[in-house]
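Report on the structure given below.
The values are calculated or read from the model by the stated rules, or taken from the named source; none is laboratory data. As the structure is a computational prediction, the values presented were derived from the model and not from experiment. Neighbour counts are summed over all protein chains in view; Cβ atoms, including those assigned to glycine, are modelled from backbone coordinates with ideal geometry. Areas reflect the complete protein model, heavy atoms only, side chains present, ligands, DNA and RNA absent. Shrake-Rupley method; radii C 1.70, N 1.55, O 1.52, S 1.80 Å.
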Amino acid sequence: MDKIVTLDEFIIRRQKDSELASGALTGLLRDIGIASKIVSREVNKAGLLNILGVAGSGDNATGDTVQKLDLYANEKLIECLTNSGECAGIASEENEDFVQLNAVTDKKANYLVVFDPLDGSSNIDVNVSVGTIFGIYRRKSDASEAVNLQDFLQKGTDLVAAGYVLYGTSTLLVYTTGRGVNGFTLDPSIGEFCLSHRDIQIPATGRYYSVNQGYYLKFDVEMRRYIDYCSDLNLRLRYIGSMVSDIHRILFQGGIFLYPNTRKHPQGKLRLLYECNPLSYIVEQAGGKAITAQLERIMEIQPRSLHQRATIAIGSPDMVDEMKEFVERYNPALNGE
Ligand code: AHG
Ligand code: MN
Ligand code: MN
């Protein structure tokens with residue numbers, strides 16, 4: 001039997017080859033790992049403890065204050081990221097503005113973490129998989145100063161690490177620091193993430209497409225043509241409503257995930273900083289591609305605001321290329337119509 005390699009052990013072994021050789025990554029990933037274990041525990045007992053509900057809606061059956069799980073996850077991530085003293089500030093889907101973190105030590109914090117604390121949170125009430133998505137940047141401003149908005153408005157290409165945690169049939173943490181993608185499964189009996197998926201490679205093509213087909217009539221013509229093509233090929237449609245879960249399947253089994261512009265969301269719905277960039281980094285590192293419905297590489301978009309949205313087509317490289325061909329062929333604007 002292979003020796004068990006824990007997440008901490010793996011990060012330390014790789015530390016010397018990493019861009020974050022100072023050990024900062026070890027601290028940051030450990031903080032995120034701890035937060036995700038706490039979130040995993042709460043997600044798993046959510047139904048039991050009746051802690052579900054809408055934030056601010058008052059008390060639960062036992063008289064405790066009800067806190068929605070995405071806000072709980074947000075709080076835990078912020079608390080845990082304060083631990084190692086490596087994180088100067090965070091930006092989260094759940095906070096309107098970025099938050100400066102005051103380190104518990106006098107260490108100068110050089111990194112920033114952006115995250116979607118709970119992705120697919122509408123699935124919680126019905127026991128369907130959800131996730132956490134995160135990205136790590138080196139701050140641009142001097143470590144002696146307060147963090148500022150510009151620190152957070154970095155391109156995906158500036159990411160030094162990114163990952164996600166999937167709270168599914170088991171809890172799995174997948175991350176990259178730009179040298180491949182590795183996955184760790186939480187063994188609840190010992191409370192450790194153990195290396196379970198080494199050097200993940202996305203299949204060049206696959207049998208799955210993932211899109212909210214209910215919006216079909218709201219998509220542009222070129223996107224409808226591409227979706228018709230997927231359907232003609234008898235590809236299997238899978239759509240969980242939790243991007244992490246859909247991307248996770250595609251990473252292992254191949255396929256394409258689409259969230260194009262709709263009438264309701266002309267810029268797309270998904271957030272560039274918290275969802276699109278970290279997942280694009282992982283998928284690209286695994287050999288896949290991620291572009292907008294307007295064919296721009298996701299990771300090269302210059303963010304202009306924290307909560308900026310983007311359209312996205314992400315997954316197996318051959319399928320993203322094929323989608324691109326459909327846009328080039330059928331988009332009237334690209335054809336001078
Ligand atoms: P969140 O729960 O963080 O708000 O994210 C939900 C996102 C994403 O995970 C999912 O793919 C998408 O919203 C689903 O949107 P539609 O219901 O519009 O398809
Ligand atoms: Mn989300
Ligand atoms: Mn969310």
Exercise. Using a Gaussian network for the chain with springs between C-alpha atoms less than 10 Å apart, which of these wobbles most: Pro303, Pro278, Pro117?
Worked result: Pro303
Exercise. Given the options Gly287, Gly23, Gly156, which has the most mean-square fluctuation in a GNM of the chain, springs set between C-alpha atoms less than 10 angstrom apart?
Worked result: Gly23
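Ordering Tyr229, Tyr164 from largest to smallest accessible area (1.4 angstrom probe), what's the sequence?
Values: Tyr229 60, Tyr164 0 Å².
My answer, sorted largest first, is Tyr229, Tyr164.
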Seminar exercise, completed: Result for the chain: accessible area per residue, probe 1.4 angstrom, in square angstrom, of 44
Exercise. When the chain is modelled as a GNM with alpha-carbon springs shorter than 10 Å, which of Asn234, Asn123, Asn102 fluctuates the most?
Worked result: Asn234
For this session: Could I have the simple spin-label model distance between Arg297 and Ile4, label points 7 Å from Cα toward Cβ, reported in nm to one decimal?
Result: 4.0
Exercise. Mind checking which aspartates and glutamates have their C-alpha under 13 Å from Lys108, skipping anything on the same chain fewer than 8 residues away?
Worked result: Glu86, Asp142, Glu145
For this session: Over the chain, with every protein chain in place, what whole percent of the accessible area is carbon and sulfur at 1.4 Å, could you tell me?
Result: 46
Problem set entry | Nearest-10 value in Å² for the accessible area of Arg309, using the 1.4 Å probe | 90
Problem set entry | In Å², nearest 10: area of Thr177 left accessible to a 1.4 Å probe | 30
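What is the packing order of peptides 29-41, 140-152, taking the mean over residues of other C-beta atoms within 10 Å and listing the highest first?
On the way: 29-41: 21.9, 140-152: 13.2.
Descending mean neighbour count gives 29-41, 140-152.
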Exercise. How many percent of the alpha carbon pairs in the stretch 153-211 exceed a separation of 12 Å?
Worked result: 74
For this session: Would you calculate a helix-derived [θ] at 222 nm for the chain, using -39,500 (n - 2.57) for each DSSP H run of n ≥ 4 and dividing by the full residue count, to the nearest 500?
Result: -9000 deg cm²/dmol
